Amino acid sequence: MKKLFTDRIWTRVEPIWQSYLEHPFVKGLGEGWLEQEKFKHWLKQDYIYLIEYSRLFAIGSAKAHDLETMITFAKLLDGTLNMEMELHRQYAAKFGMTAKELETTEAAATTTAYTSYMLNVSQSGGVENVIAAVLTCAWSYNFIGQQLAKIPGALEHEFYGHWVKMYSSDEFTELANDCKRQLNEITTGKPEYELKRVEEIVVKTSLFEYMFWDMAENLEEWPITF
C-alpha cells in the first residue's frame, strides 16, 4: 500500500501531539479538573483565532484550481463558523459573555504570532500552503478529542463533556479528514523540495499549538502592559 503524505507528516508531528496530551491544560480538560478561568481564557483567545482561521479557508477557495477544492474549503469554512464557533458561543453564555464580547477580545501575543504565521504562509504560496496551514488545528484537535474521549467520564463531564464530544465527533472527524485528503491530493507528484516546505508548515503550526495550550494554561496576554 502506497504511503500517504500525511503518513509521512504523522511521523514528524506525533511526538509533538503526544506532548499535548500531557500538557496540564489538555489533561485537566479531559480529566475534568481544569480551572474554569483558564478555560475562559482559552475560549476567548480561540474564538479570535478561529476568526482568522476562517480567513484561511476563504484564501484557499480563492487559490483553488478546481471546483471540488473550492467546495471543500467552503465546507470547512461553514463547519468552523457554524459548528465550532457555535460551541464557543454556547460556552461563553455559561460565563455570562455575549458573542460580541468574544469578538472584541484582544488577541494575546501567542494568538497574534500563530495567526499571523498561518496567514503569511497561506498568502505567499499556493493552495498547498493553505491546506498545510489549516491542517494541524483540525487534525490535532480531532486527535486530542478522540484521545480524551477514552478517559472514563470525559464525555459525560457537566462542563467539559461538550468540548470532548465536539472534537471527537464524526462531524469534526470528517472535517479533519477533508483537510488530510486535500493535502494528500495536492502534494501528489510534487518534488521533494516542495514537500519539505509543506511539511515544515505543519511542524511549525504544531509547535504553535503547544504554545497556544501554554498561553491558556498561564493566562498569558502580552509580556508587558502599559
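Taken together, the values in this text are just the output of simple stated rules run on the coordinates, not laboratory data. Every value quoted in this text rests on a predicted model; they were computed, and no experiment measured them. Positions of Cβ are backbone-derived with ideal geometry, glycine not excepted, and every protein chain shown enters the neighbour counts.
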**Fill in**
Within the set Ala113, Ala149, Ala216, GNM on the chain using Cα springs under 10 Å gives the largest fluctuation to Ala113
**Message:** Can you tell me the length gained on complete extension of the stretch Arg197 to Ser124, counting 0.36 nm per residue apart and subtracting the Cα distance?
**Reply:** 25.0 nm
**Asked** Quick one: length gained pulling Leu4 to Ile151 fully straight, 0.36 nm per residue minus the C-alpha distance?
**Response** 49.9 nm
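Mind listing which trypsin sites (Lys or Arg not before Pro) in the stretch 57-151 are in a DSSP loop and have 11 or fewer other Cβ atoms within 10 Å?
Lys150
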**Item:** Whole-Å semi-axes of the ellipsoid equivalent to the stretch 1-85 (Cα gyration tensor, √5λ, descending)
**Value:** 29, 22, 9
**Message:** Taking the number of other C-beta atoms within 10 Å as the exposure measure, put Asp7, Asp178, Asp170 in order starting with the fewest.
**Reply:** Asp170, Asp7, Asp178
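For the chain, what is the Kirkwood hydrodynamic radius in Å, using each pair of distinct C-alpha atoms?
17.9
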**Prompt:** Listing Tyr20, Tyr210, Tyr114 from the residue with the fewest other Cβ atoms within 10 Å to the one with the most, what is the order?
**Reply:** Tyr210, Tyr20, Tyr114
**Complete:** Listing Met85, Met118 by rising number of other beta-carbon atoms within 10 angstrom, fewest first, gives Met85, Met118
**Message:** Shape verdict for the stretch 8-57, please, from the Cα gyration tensor: rounded (a/c under 1.5), prolate (a/b greater than b/c) or oblate.
**Reply:** oblate
**Asked** Cα atoms only, the stretch 71-156: Rg and Dmax in Å?
**Response** 15.5, 45
**Complete:** For Leu67 and Tyr117, extending 7 Å from Cα along the Cα-Cβ vector and measuring point to point gives, in nm, a value of 3.8
**Prompt:** Scanning the chain for helices, which whole DSSP H stretches are 27 Å or more long along the axis (Cα) and average 0.5 or more by Kyte-Doolittle?
**Reply:** 127-148
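Report the far tail of the P(r) of the stretch 95-215, meaning the percent of Cα-Cα pairs longer than 21 Å.
Values: 3725 of 7260 pairs.
Result for the distance tail: 51 percent.
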**Prompt:** At what distance in nm do the modelled label points of Asp214 and Thr188 sit from each other, each positioned 7 Å from its Cα along Cα→Cβ?
**Reply:** 3.9
